[in-house]
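Step one of this worksheet: look at the structure below.
The values are calculated or read from the model by the stated rules, or taken from the named source; none is laboratory data. Given the structure is predicted, the values throughout are model-derived calculations rather than measurements. Note that we place each Cβ from the backbone using ideal geometry, even for glycine, and neighbour counts take in every protein chain shown.
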Ligand code: GDP
Ligand code: MN
């Protein structure tokens, strides 16, 4: 489960990591916050800044219009139900800092970059440290981080942040905590400017989580961030079989996705938006056995995705079940081909990828 920024920041603050002063704004909230402020769309995806979801507001005059505009702005298929109004910070530097669970080595990885912020994905040379689960010299790690950022004056602060971040990851059963940017203010404070936290759904029984649920997230799993083929299927079994078949056919799947029974057009559109965030995906294999989900609804989502998303990779679609004939008519009218079998889809995807 991916938390919204304000939820993630609440966990960071509880763990002792500095966050900006702020308040949550909903459609009917009435208190006016202090200016200048930054108004931030609360959607469970990154890249809000680039999508127009982060606005700097200098004075009260611009507040109302900006609030309405942000509440009406859908980002990558998500519409916010709340906004976070935060004190505007004077930024000296934007750093990148994250912790993630590395299943392969059964350890925690600390990942850092000196250039955080909205362009962080352009960086390739991230600095990484492995934290074993048994014993670590956290102070030495904080020291190394201060050296790496070239912030000798912040050694104590960074030692604190690293210690609290590890505790935050463990106590909350998070698999990822990303602070981007970690802001160094003009007056030399380190503050978490943005936060992303992914919780381990398998640990839900240990907690009393009351976070905003975003339906498509749970059954969407990244297999390989650099994979070239994305998959969309319904039902966990069919979704697994689709991924396995893609691997057997020599394709490299980026994700597993079970859109669930009764998947709506919204759910599917959100899935497409997530998929196009993978850097190397050049084919999307769709394998839907419609039962409660209706084929025509799937077809409408596919058509909408084609219209809405520029540079949507080629689609290889196999559909069967409820309202199949209607789906065929809709897709054919839109010039989209349905394939007779999953094998045909995978073969065609392979050919188009030239693998
Ligand atoms: P994201 O685009 O979804 O990752 O949203 P962020 O919360 O990371 O905000 C994007 C960018 O907005 C940051 O990298 C900053 O450059 C800018 N920003 C966010 N908060 C502040 C602030 O308090 N002051 C200033 N000057 N810029 C901010
Ligand atoms: Mn960010």
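Taking the criterion of being exposed (fewer than 15 other Cβ atoms within 10 Å of the Cβ) and closer than 17 Å to residue 308 by Cβ, the residues of region 51-73 that qualify are 52, 72. With respect to the conditions (1) assigned to a helix (DSSP H, G or I); (2) in contact with a strand residue (DSSP E or B) (Cβ under 6 Å, 6 or more places away or on another chain), residue 325 falls short on a single one, namely (2). Looking across region 26-44 at every residue that is crowded, with 20+ Cβ neighbours inside 10 Å and modelled with pLDDT of 95 or more, the one that is nearest to the chain's Cα centre (by Cα) is identified as 42.
Here residue 15 clears all of (1) within 16 Å of ligand 2 (Cβ to nearest atom); (2) surrounded by 19 or more Cβ atoms within 10 Å (Cβ to Cβ) except the condition numbered (1).
Please find, within region 95-125, the residue that is surrounded by the fewest Cβ atoms within 10 Å (Cβ to Cβ) out of those that are within 12 Å of ligand 2 (Cβ to nearest atom) and assigned to a loop (DSSP other than H, G, I, E, B). Please lay out each step first, then the result.
Filtering region 95-125 down to residues within 12 Å of ligand 2 (Cβ to nearest atom) leaves 95-98, 116-121.
Within this subset, residues satisfying the condition of being assigned to a loop (DSSP other than H, G, I, E, B) are 116-119.
Values: 116: 25, 117: 18, 118: 16, 119: 11.
Top of the filtered list is 119.
Where residues in region 165-199 are surrounded by fewer than 21 Cβ atoms within 10 Å (Cβ to Cβ) and over 23 Å from the mean Cα position of the chain (by Cα), which of them is nearest to ligand 2 (Cβ to nearest atom)? So the residue we want is 185.
Out of the strands (runs of 3 or more DSSP E) lying entirely within region 14-61, which hold 2 or more residues that are under 26 Å from residue 187 (Cβ atoms) and within 11 Å of ligand 1 (Cβ to nearest atom)? Per the criteria, 37-41, 54-57. Is it the case that some residue within region 293-313 is on the phi < 0 side of the Ramachandran plot, assigned to a strand (DSSP E or B) and buried (at least 22 other Cβ atoms within 10 Å of the Cβ)? Checked against the condition, which is being on the phi < 0 side of the Ramachandran plot, assigned to a strand (DSSP E or B) and buried (at least 22 other Cβ atoms within 10 Å of the Cβ), region 293-313 yields no hits at all. Just checking, does region 332-343 include any residue being surrounded by 18 or more Cβ atoms within 10 Å (Cβ to Cβ) and not in a helix (DSSP H, G or I)? Within region 332-343, one or more residues are surrounded by 18 or more Cβ atoms within 10 Å (Cβ to Cβ) and not in a helix (DSSP H, G or I). Pairing each residue of region 44-60 that is farther than 19 Å from residue 7 by Cα with any residue that is more than 6 Å from ligand 1 (Cβ to nearest atom) and not in a loop (DSSP other than H, G, I, E, B), provided the two are 6+ apart or on different chains, yields C-beta distances under 7 Å for 51/75; 55/39; 55/66; 55/70; 57/37; 57/39; 57/63; 57/66.
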